[in-house]
Amino acid sequence: MFSGQFQPKLNPQNQPKVFGLITDWNNSGTPFKNTYYNTKGYNMGGCMGCHGNAQVGGSDFSFILAEGPVTEPEAGDVPPLKNVRQQKLLDFLQRSERP
């Protein structure tokens, strides 16, 4: 389960050249906080821990929004119907939506 951050390169020259490991600590030895609520920092795990890193980066828990502004939502395509049973279900659902 993910929590914390990917370890950045260590600053001192005499440290091993290891980085990119998952760690719950900053280089300074202080605990890493990847999620903030009501101005208080937490180190979360799981899905929230990973997306918390996007929040700390300023993109409101979304890695997609971190790539730049989104001017409009992406519309999904309706897949083609594969058989008569699916078509009948779609017809029924569309009829039930009418007043």
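Calculate the spin-label point distance for I64 paired with N38, positioning each point 7 Å from the Cα along the beta-carbon direction, and give it in nanometres.
Here the answer is 3.1 nm between the modelled labels.
What's the exposure ranking of F6, F32, going from fewest to most Cβ atoms within 10 Å?
Numbers: F6 11, F32 19.
By the 10 Å Cβ count, ascending, the order reads F6, F32.
When D77, D60 are ordered from fewest to most other Cβ atoms inside 10 Å of their Cβ, what list results?
Working: D77 5, D60 10.
Neighbour counts put them in this order, fewest first: D77, D60.
Using θ = phi - 60° and the Karplus curve 6.51 cos²θ - 1.76 cosθ + 1.60, what whole-Hz ³J(HN,Hα) does each residue of the range 64-77 get, with Gly and Pro shown as x?
Running phi through 6.51 cos²θ - 1.76 cosθ + 1.60 with θ = phi - 60° gives 5, 5, 5, 7, x, x, 9, 7, 7, x, 7, 8, x, 8 Hz.
By counting other Cβ atoms within 10 Å of each Cβ, how are Y37, Y42 ranked from fewest to most? Intermediate values should be presented prior to the final figure.
On the way: Y37 9, Y42 13.
Ranked by crowding around the Cβ, least crowded first: Y37, Y42.
Quick query: amide H of F2 versus all other amide H atoms, modeled in the peptide plane; which residues come in under 5 Å with a sequence gap of 5 or more or a different chain?
Long-range HN contacts for F2: G46.
Every read-out reported here was derived from the displayed coordinates using simple, explicitly stated rules and does not represent laboratory data. Keep in mind that what you see is a predicted model, and the values were worked out from it rather than measured. Cβ: placed from backbone, ideal geometry, glycine included. Neighbour counts: every protein chain shown.
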